[in-house]
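As structure tokens, the structure follows; a few thoughts come after it.
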Amino acid sequence: MPIKSYLAHPHNGKKEILTKAINALEHCEVIPAENENLLIVVTETDNKEQEDLLKEKIENIESLKLLAMVSGFNTK
Amino acid sequence: MYTSLTNRRSFIKKMAIMSAMTAAATMFPGILFAEEQEEKLPKGGNLDWKKAPCRFCGVGCGVLVGVENGKAVAVKGDPKSPVNKGLCCVKGYHSVMSIYGKDRLTKPLVKKNGKYVETSMKEALDLIASKMKTTIKDHGKDAVSIYGSGQWTIPDGYVASKLFKGCIGTNNVEANARLCMASAVTGFLTSFGLDEPMGCYEDIDHADVFILWGNNMAEMHPVLFSRLLDQRLKRGVKIIDFATRTTRTSMAADKSIIFQPQTDLAVANAICYEIIKNGWVNKSFVEKHCSFNKGLTNMGYGLEDKYKFKDKPEKIDFEAYKTFLEDYTPEKVERISGVSAKDIKYMAAYYGDPNKKVMSLWCMGMNQHTRGTWINNLVYNIHLLTGKISTPGNSPFSLTGQPSACGTVREVGTLTHKLPHGVVMKKEHREHAAKIWDVPVENIDPKPTYHTVEMFRALDRGDIKFMWIQVTNPMVTMPKLKRYRDACKKEGRFIVVSDIYPTPTTDIADVILPSAMWIEREGMYGNSERRTQYFEQMIQPSGEAMSDTWQIVEVAKRLGYEKQFYYKEETHIEEIYNEYRRHHEGKKHAMAPLEVLKTQPGAQWPYVDGKSTKWRFNSEYDPACSNGEKFHFYGKPDGKAVIWQRPYEPAPEVPDKDYPFWLCTGRVIEHWHTGSMTRRIPVLHKAMPHAYVELNPEEAKQMQIRTGDSVKLTTKRGEIILPASVNERGVPEKGQVFVPFFDENMLINDITLDAFCPISKQPDYKKCSVKVEKV
């Protein structure tokens with residue numbers, strides 16, 4: 001049951017669009033920075049396959065420039 | 001205590017958020033997240049939160065450690081700590097994970113026929129005592145030595161000094177702080193007669209301008225740097241980064257000024273020239289509180305064995321000093337330093353403006369310098385000429401790198417020439433120590449023996465036969481490392497290493513003792529702002545691990561010093577601290593009682609009449625001032641601070657046609673020093689898995705080197721291959737490369753130079769010449 005956190009860098013001017021797009025996905029929580037072009041994304045999934053699929057979905061969002069993992073825990 | 005899975009998942013999720021916020025803060029200093037999100041972070045749950053100073057750097061952040069079922073499981077910043085006000089950096093948040101690495105040393109190991117064999121702690125301690133006895137009998141007391149650390153707790157260093165200096169009678173006591181703080185110490189002693197900053201972190205809340213001298217504070221002191229950024233948001237303060245390379249600090253600063261290596265000496269003199277030329281000298285302050293000295297020049301660089309140097313201070317007057325500075329006009333210095341005259345004048349104008357409070361901050365850039373004492377003196381000159389010192393916000397501030405470099409190495413005095421109060425050379429200081437230690441005064445040798453580099457050279461020559469190394473990793477950190485690694489392996493040497501994990505230093509040990517780490521035992525650290533902080537034992541040590549303090553006490557008893565080492569196991573930390581406090585009695589250095597340290601996040605010495613002293617030498621705050629004036633620099637017999645005439649002199653090894661680049665080494669935010677703890681924290685290890693060489697992007701392009709390509713670095717000491725880093729974290733100037741030293745698999749110190757400051761004996765890890773090739 002993985003829990004992972006990421007730093008998501010939006011393309012210039014796309015922070016709000018990216019926030020909305022990730023928020024629309026299940027198993028995701030987004031915390032946008034107030035004063036920088038950066039979002040924190042936390043994912044909480046049931047298994048590795050689901051996690052990989054979710055990551056792929058996030059990476060396919062057009063307003064996303066870069067997704068970098070910070071920490072990963074497995075609570076099983 | 002029961003924790004449901006839901007609670008645990010919720011807690012872990014919050015930890016994941018916290019890790020990401022911390023990582024974000026290191027990339028974007030000053031980044032803010034909505035308060036309601038921060039409020040979601042763990043606040044306690046079922047955990048038992050206990051206070052401690054952080055295990056890692058010299059900032060000395062107060063942390064709260066969450067303990068559950070006998071295990072330390074979480075860390076958060078202590079909101080009550082005036083140091084960090086609830087903040088933590090990425091290393092601090094993950095610090096407890098470094099306790100639980102899979103390869104913790106849990107049993108003593110003795111090398112037999114080339115292999116390590118497990119033994120009992122009793123047998124290992126018996127063997128160490130027996131080796132010490134026979135070495136002293138066969139080769140004399142100066143054949144045994146101890147090499148400790150700024151990560152020693154105060155009791156560790158105190159019992160080491162008492163055993164070696166007081167009981168055995170050798171001054172072969174050194175610590176790795178010689179490699180990081182010695183120039184700061186000699187800078188303070190020569191300018192003020194007393195060690196450690198006169199100001200405190202609260203200066204940050206008052207200063208208008210911050211000038212960082214060769215100090216990548218955003219990565220090395222991130223919590224303090226975030227306090228600077230916070231002040232910029234609140235009050236619009238200015239931050240100027242004066243450095244040799246572009247770093248995250250440069251990127252976050254209001255202005256980045258780059259200088260050529262070693263020329264900070266010339267720029268500091270040029271700032272003083274400008275201050276005098278423009279009439280910005282605080283004349284009444286200088287007349288009342290300063291004297292002028294010059295010392296010897298062309299001192300050499302300590303490159304040869306048994307090198308000796310003693311400065312000969314000579315009084316001069318203001319006019320002579322003013323004439324000396326004529327060689328340092330901004331225009332002349334521009335040619336040496338690469339810093340434009342305009343930028344020199346820009347910095348001088350801030351220092352000279354009577355309406356601006358200025359804080360200068362520095363760490364390794366000024367200390368790891370073959371003229372480290374001089375550059376410390378020169379920055380004090382600027383503050384003394386303008387009278388911007390010892391008042392809130394006006395503060396020359398030397399930052400430390402280790403959690404107790406100040407508390408243990410500098411205050412307990414675990415350097416060859418030092419005693420807990422004073423120096424071995426002075427009879428009254430020896431008498432004071434001997435009385436408290438309950439040893440004959442004749443036991444304490446009046447002559448210092450070896451500073452760190454010379455101690456390892458003595459081991460190489462065979463003058464030292466036995467060395468006990470605690471809480472440090474010299475087989476990664478010594479400059480010109482290969483010589484000293486080979487020295488440790490020589491026949492007839494006996495090396496004991498106390499540590500928590502296997503390292504390149506345990507690899508050369510004859511006996512390895514497993515040490516109890518940080519909150520597995522009780523102790524105190526002292527940070528950069530004279531703050532002593534206590535931590536209780538929160539968890540049981542791993543396996544048979546024992547505190548470094550108690551290891552030394554056990555050996556001392558076996559050597560026959562039961563009378564001096566009378567401490568009881570259950571109360572020894574309290575007994576040792578109370579004994580140690582006696583050395584510092586009096587208004588100039590009184591330490592807070594233990595019961596005070598137990599109830600609050602530390603206290604700053606001098607601790608007099610139940611109060612910490614925030615600003616020394618200022619009679620408004622410092623009860624030791626007694627001259628009836630606003631300021632009293634009582635460390636000097638005449639009560640005056642010294643403005644030093646110190647010239648610019650070049651580095652011992654400069655780029656030439658064979659070795660055309662400067663090599664600078666340093667740290668990274670993810671790893672604590674040699675990485676022996678932080679590389680065992682998966683998140684940090686993954687974030688920064690190995691060392692690299694940073695290249696200037698234009699030069700990398702010319703050499704067809706891209707990030708990840710293998711690059712060979714060659715100096716006169718050897719060669720090493722590292723992956724390239726181009727336009728990533730830091731950007732060196734043309735003609736310079738940078739390599740971090742945390743990676744034991746890529747030992748950059750194999751090729752660095754063991755030149756040192758002749759006064760402080762601190763090596764310069766920032767400058768030697770190197771050839772760079774793509775392979």
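The values are calculated or read from the model by the stated rules, or taken from the named source; none is laboratory data. All of these numbers come straight from a predicted model, not from anything done at the bench. Methodologically, a virtual Cβ is constructed for each residue, glycine included, from the backbone with ideal geometry; neighbour enumeration extends over all protein chains shown.
Overview of values
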item: Any chance B:Met347 is assigned by TED's automatic domain parsing to the domain that holds B:Gly236 and under 20 Å from B:Asn367 (Cα atoms); result: no
item: Test: residue in region B:520-530 that is assigned to a helix (DSSP H, G or I) and buried (at least 23 other Cβ atoms within 10 Å of the Cβ); result: no
item: Qualifying residue in region B:268-282 (condition: of a type in the set (Asp, Glu), out of contact with any Asp or Glu (no Cβ under 6 Å at 6 or more places or on another chain) and surrounded by 14 or more Cβ atoms within 10 Å (Cβ to Cβ)); result: yes
item: Residue in region A:23-41 that is surrounded by 21 or more Cβ atoms within 10 Å (Cβ to Cβ) and either touching a residue at least 60 places away in the same chain (Cβ under 8 Å) or farther than 23 Å from B:Ala687 by Cα (or both) present; result: no
item: Filter result for B:Ile257 (under 27 Å from B:Asn727 (Cα atoms), touching a residue at least 40 places away in the same chain (Cβ under 8 Å) and hydrophobic (A, V, I, L, M, F, W, C)); result: yes
item: Looking only at region B:442-452, and only at residues there that are touching a helix residue (DSSP H, G or I) at 6+ places or on another chain (Cβ under 8 Å) and not acidic (Asp, Glu), the one that is nearest to B:Trp152 (Cα to Cα); result: B:Thr452
item: Strands (runs of 3 or more DSSP E) wholly inside region B:694-762 that include at least 2 residues being at positive phi, polar (S, T, N, Q) and under 23 Å from the mean Cα position of the chain (by Cα); result: none
item: First in region B:112-130 and farther than 17 Å from B:Ala545 by Cα, second anywhere and part of a loop (DSSP other than H, G, I, E, B) and modelled with pLDDT of 95 or more, Cβ under 6 Å, 6 or more apart; result: B:Ala129/B:Leu559
item: Evaluation of B:Val683 against (1) away from chain A (no Cβ under 14 Å); (2) part of a helix (DSSP H, G or I) (one fails), failing number; result: (1)
item: Tally of residues being more than 21 Å from B:Thr477 (Cβ to Cβ) and not charged (D, E, K, R) across region B:389-411; result: 9
item: Positions within region B:542-573 being touching a helix residue (DSSP H, G or I) at 6+ places or on another chain (Cβ under 8 Å), closer than 24 Å to B:Ile99 by Cα, surrounded by fewer than 20 Cβ atoms within 10 Å (Cβ to Cβ) and without any contact (Cβ under 8 Å) to a residue 40 or more places away in the chain, in sequence order; result: B:Glu569
item: Residues of region B:668-677 that turn out to be within 14 Å of chain A (Cβ to nearest Cβ) and at pLDDT 95 or above, as a count; result: 0
item: Candidates B:Gly193, B:Gly199, filtered to the one that is farther than 23 Å from B:Ser81 by Cβ and in contact with a Lys or Arg (Cβ under 9 Å, 6 or more places away or on another chain); result: B:Gly193
item: Region B:624-665, residues that are within 25 Å of B:Met299 (Cβ to Cβ) and small (Gly, Ala, Ser); result: B:Gly635, B:Ala641, B:Ala651
item: B:Ser676 out of contact with any helix residue (DSSP H, G or I) (no Cβ under 9 Å at 6 or more places or on another chain) and hydroxyl-bearing (Ser, Thr, Tyr); result: no
item: Among residues of region A:6-53, those that are more than 11 Å from chain B (Cβ to nearest Cβ) and touching a Ser or Thr at 6+ places or on another chain (Cβ under 7 Å), counted; result: 9
item: Enumerated helices (runs of 4 or more DSSP H) restricted to region B:140-256, each holding at least 3 residues that are modelled with pLDDT of 95 or more and crowded, with 24+ Cβ neighbours inside 10 Å; result: B:154-161, B:182-192
